[in-house]
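Contents: one structure, followed by commentary.
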Amino acid sequence: ALEHASLRVVEGEFVALLGPSGCGKSTVLRLIAGLQQPGSGAVRVHETALSFVFQEPTLMPWATVFDNVWLPLRLAGVPREQARARVAPMLETVGLAAFADAYPRELSGGMKMRASIARALVPRPRVLLMDEPFAALDEITRERLNDDLLRWAQALSLTTVFVTHSVFEAVYLSRRVLVMSPRPGRVVQEVEIDAPWPRDERFRGTPQYAQLCARLSRALRDAGATA
């Protein structure tokens, strides 16, 4: 999936990985998380407090929202009542306080993803890995969650690596975008998003946003042409 792939992410950064399907973006995340081991080379992660958000919410259908979010604390040995002091504020943060006792089947797609993100954030990670978490959502919900994610990333001082197929999403969210070549994947371009961060919806209407999207689209085309 990867060949001669090299990248570096510094503490507090929000970095997007952008590239065509099958280029190894998800593999990079799994290597960082330790879910896979590289055939050669090395992965060095200087922070062990790490959470992973997948493209699908992967909620337990038989458990309430509260119990889904409690799961990582439960696995760490934190009793349910003791965990309430952390789970309840996190549900408030992601806008699901009123749905603590609801089941996944009662939630919209956006609400399910909020629950998944709350579950990832409740252990208080320092590094957040996100694998196309908003790809299946409608545009309005996606943009709303983009705004929320920027707010959470800043408030919690997260180092975030975000995989996406969307040029627009990559420009809006990131401080830096790493463009990957088709399989076997490697980082072929690095694009700095030189705009104030975090951003809000006003940024989407600026000439700078349009210019950066066009620049990143060219970088993506060039990556495919030089594969």
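Quick notes on this structure:
- Failed item, numbered, when S108 is tested on (1) within 29 Å of F203 (Cα to Cα); (2) surrounded by fewer than 17 Cβ atoms within 10 Å (Cβ to Cβ); (3) touching a residue at least 40 places away in the same chain (Cβ under 8 Å): (3)
- Of all residues in the range 151-201, those being open to solvent by 70 Å² or more (accessible area, probe 1.4 Å) and either outside any loop (DSSP other than H, G, I, E, B) or under 19 Å from H4 (Cβ atoms) (or both) number 9.
- Scanning the range 34-57 for residues that are among the hydroxyl-bearing types (S, T, Y) and in a loop (DSSP other than H, G, I, E, B) yields a total of 2.
- Qualifying positions in the range 111-141 - more than 22 Å from C23 (Cβ to Cβ), open to solvent by 40 Å² or more (accessible area, probe 1.4 Å) and part of a loop (DSSP other than H, G, I, E, B): P123, R124, R126, D138
- Single residue of the range 7-28 satisfying the filter (touching a Lys or Arg at 6+ places or on another chain (Cβ under 7 Å) and assigned to a loop (DSSP other than H, G, I, E, B)) that is surrounded by the fewest Cβ atoms within 10 Å (Cβ to Cβ): G22
- Test: L31 is within 19 Å of the chain's Cα centre (by Cα) and assigned to a loop (DSSP other than H, G, I, E, B): no
The values are calculated or read from the model by the stated rules, or taken from the named source; none is laboratory data. These figures come from a predicted structure and were not determined experimentally. Note: ideal-geometry Cβ built from the backbone for every residue, glycine included; neighbour counts use all protein chains shown. These area figures cover heavy atoms from the full protein model, side chains too; ligands, DNA and RNA do not enter into them. Shrake-Rupley method; radii C 1.70, N 1.55, O 1.52, S 1.80 Å.
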